[in-house]
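What follows is calculated from the coordinates using simple rules that are stated; it is not laboratory data. Model, not experiment: these values are computed from the prediction. In this analysis, Cβ positions are derived from the backbone assuming ideal geometry, glycine residues included, and neighbour counts consider all displayed protein chains.
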Amino acid sequence: MVFRSEYSCRAYVCVIGGATIMAFVMVTSKWPMASSNDVGKVFLEVWSRPVPDYVKRREVFTAAGADDGLKSYLLMEYEDEHLNEGLLRIGEDLVAFAVVPGYTYNVETLVSPEDALAMLGLKM
């Protein structure tokens, strides 16, 4: 079995005018259809872990018909001062999927259009 990780994590927390702008974190995962049962078992194990108090929001969406299997999106939002802890927790959770053949993931930070424009000194 080969476990290939597309892990790239960049945390952007910008301070503009004294206010901290918080980024969301999105994990995009892909796996072959044949590994779906394994993904499901690991997901149930990981999802049952207690959610830290600093997590503001946690959403998961799955799409069938990815290039060669399935794809899921995990969207997390953290209290500003806990972004680093949140990224570390995501990394710990993703390690559990290492046993799944063909499972890959990518971690990205996101900002809202309002926050991205504020970084440029613009407002919506």
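For the stretch 41-101, what is Rg from Cα atoms divided by 2.2 N^0.38 Å, rounded to two decimals?
Computed over Cα atoms of the stretch 41-101, the ratio equals 1.23.
Going by C-beta contacts inside 10 Å, put VAL111, VAL100 in order with the fewest on the left.
VAL111, VAL100
For LYS41, list the lysines whose Cα falls under 21 Å from its own Cα; do not include residues on the same chain fewer than 8 positions away.
Correct list for LYS41: LYS30, LYS71.
Arranged by the count of other C-beta atoms within 10 angstrom, fewest first, what order do LEU70, LEU83 take?
LEU70, LEU83
Work the Kirkwood hydrodynamic radius out for the stretch 14-119: mean of 1/r over every pair of different alpha-carbon atoms, inverted, in Å.
15.0
Output the peptides 24-34, 112-122, 86-96 sorted from most to least packed, where packing is the average of other Cβ atoms within 10 Å over each peptide's residues.
For the peptides 24-34, 112-122, 86-96, the packing ranking is 24-34, 86-96, 112-122.
Hey, with R₀ at 30 Å, roughly what FRET efficiency would ARG57 and ALA96 work out to, going by the Cβ-Cβ distance, to 0.05?
About 0.90, to the nearest 0.05.
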